[in-house]
Amino acid sequence: MFHPGMQHSRQTALALQQLGRLAFLATGVFDHETSVWRRAGAYAPAALRRHIDAEFGRFATPGLDASLVRAFPQYELPERILSRIGLDAMAQLFDRFANDRFGKVVARLAQDEGTRALWGYDNSSLTAFNDPRNASATKILDRTIADWREWNEQVATIEDTHGDWLHPSLRRAPDWLIQRGEAEFEAADYILCVSDYVSGTIKRHSSAERIEDKIRHLPYCFDSRIYGSLPSPMPPEADKPVRFLFAGQLSARKGIQHVLEAVSALPPELASLTCVGPNLVPNALLSGFSDRVRFLGAVPRAEMPAIMIQHDVLVLPSYFEGSAIVLLEAMAAGLAVIATPQAGLGPTAKSGICIERPDSEFLAAAMIDIAKDKEKLLGMRRSAQIEAQCYDSAAYRSNIEALLDSIIA
């Protein structure tokens, strides 16, 4: 199994390890008790040590056997640094180079280990899949995002209404990225999709042979260690506003513009809003909402459960996702959910509201509907926590086992 550095890939590796089916995980950065980051942090001043722990703790997966992990930070850290300092074009260029180099390393490791299957992720699998050393291995492509041609259509919609909210890194997907995705579809034996939305965009846009026959569905999971034992929702206070939460990248792609416009249309005594996540919109746009919204910025993953249980409803009117894991985490924390179909797996009619498309008026109407009926809100929150059990780590592990039994002889 291989991916340069995604939380979901490490959770999948842990599930495979628990099933006794993980040969190795090749990744970029991996944090564990004896990692170089931890050893360096032990000698750092307290403030710097906390920063190191927060930064690299995002790459930790307790329980994942470090002896099965092959970490290659040289293929991941430079891209993250370039992106962090605003050099997005250089970060993309490095990503293309690093993914090809990383794929060659994976192909060699797979040959040495004698693996029967390669489980890779979008934009980093092509080189390993096409390497002749692994010709007999089953190639499984875990597609974590919808087809980029779908995003290009959505960008046009955002440009028409909120073009000034679009960060330069979120413009149209380049041709090379689309072509690489299409080549990965061709090279894969199976394509894993987390939701009907993702598989639907691939079927609509791809011309790869046997594309529909290759697609399998595998829902994501939340981390049961963190979200599996949170308290049940309590009845809301009658004289307090409903507490809405947006969690994720503050970007036009995730619909932050609609969230802010929607809450501005609601009276303060009815609704409050907290936004958590890194900001990808101009500060001048956010400042116009500072009297109604609490902006917390990016916070460590370990702090999110405590933030979630202080809120009632998660809102995510996204234009384009794979499936946002934050939806499942919020449901496990006992939050009702308002989301779009593009946001991914999320609420049923019992646990939230799925609005037709990203739109400020649609979102405001859904928020008002929930905020004005607190008995209904409590029922949704309790249902969300029950429904989330279908997406815990144990369910994910069982789904992986059934999938592998069906596709690998």
Over the stretch 181-196, the set of residues in a helix (DSSP H, G or I) and surrounded by 21 or more Cβ atoms within 10 Å (Cβ to Cβ) is 181, 184, 185
The number of residues in the stretch 197-221 that are in a loop (DSSP other than H, G, I, E, B), within 16 Å of the chain's Cα centre (by Cα) and closer than 19 Å to residue 320 by Cβ is 2
Picked from the stretch 131-171 (must be more than 30 Å from residue 108 (Cα to Cα) and among the basic types (Lys, Arg)), the residue modelled with the highest pLDDT is 149
If we ask which residues in the stretch 138-151 are surrounded by fewer than 20 Cβ atoms within 10 Å (Cβ to Cβ) and either more than 21 Å from the chain's Cα centre (by Cα) or closer than 19 Å to residue 281 by Cα (or both), their number turns out to be 1
>> Quick check on residue 154: is it in contact (Cβ under 8 Å) with a residue 40 or more places away in the chain, farther than 16 Å from residue 28 by Cβ and either out of contact with any strand residue (DSSP E or B) (no Cβ under 9 Å at 6 or more places or on another chain) or surrounded by fewer than 21 Cβ atoms within 10 Å (Cβ to Cβ) (or both)?
In response: yes
Reported set for the stretch 244-265 where residues are surrounded by 20 or more Cβ atoms within 10 Å (Cβ to Cβ) and either among the basic types (Lys, Arg) or out of contact with any Phe, Trp or Tyr (no Cβ under 9 Å at 6 or more places or on another chain) (or both) is 244, 245, 246, 247, 248, 253, 254
Flagged in the stretch 281-303 as loosely packed, with under 14 Cβ neighbours inside 10 Å and over 30 Å from residue 228 (Cα atoms), in numbering order, are 282, 283, 284, 287, 288, 290, 291
Expected single match for closer than 28 Å to residue 220 by Cα, surrounded by fewer than 20 Cβ atoms within 10 Å (Cβ to Cβ) and at pLDDT 85 or above among 111, 18, 92, 7 is 18
Report task. May I ask you to verify whether residue 339 is without any contact (Cβ under 8 Å) to a residue 40 or more places away in the chain and within 25 Å of residue 278 (Cα to Cα)? Result -> yes
Residue pairs qualifying under the 9 Å Cβ cut-off, at least six apart or on distinct chains, with the first in the stretch 129-143 being closer than 14 Å to residue 180 by Cα and the second being among the small types (Gly, Ala, Ser) and assigned to a strand (DSSP E or B), are 129/120; 141/120
Over the stretch 214-239, the set of residues charged (D, E, K, R) and modelled with pLDDT of 95 or more is 214, 216
Looking across the stretch 47-88 at residues that are modelled with pLDDT of 80 or more and touching a strand residue (DSSP E or B) at 6+ places or on another chain (Cβ under 8 Å), the single one that is surrounded by the most Cβ atoms within 10 Å (Cβ to Cβ) is 64
Check your understanding: Does residue 388 meet the test of being farther than 26 Å from residue 254 by Cα, part of a helix (DSSP H, G or I) and touching a residue at least 40 places away in the same chain (Cβ under 8 Å)?
Key -> no
The residue from 245, 285, 260, 266 that alone is assigned to a strand (DSSP E or B) and over 30 Å from residue 402 (Cβ atoms) is 245
Going through (1) within 28 Å of residue 342 (Cα to Cα); (2) in contact (Cβ under 8 Å) with a residue 40 or more places away in the chain one by one, residue 116 fails only at (1)
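The values are calculated or read from the model by the stated rules, or taken from the named source; none is laboratory data. Every value quoted in this text rests on a predicted model; they were computed, and no experiment measured them. Neighbour counts run over all protein chains shown; Cβ positions are idealised from the backbone, glycine included.
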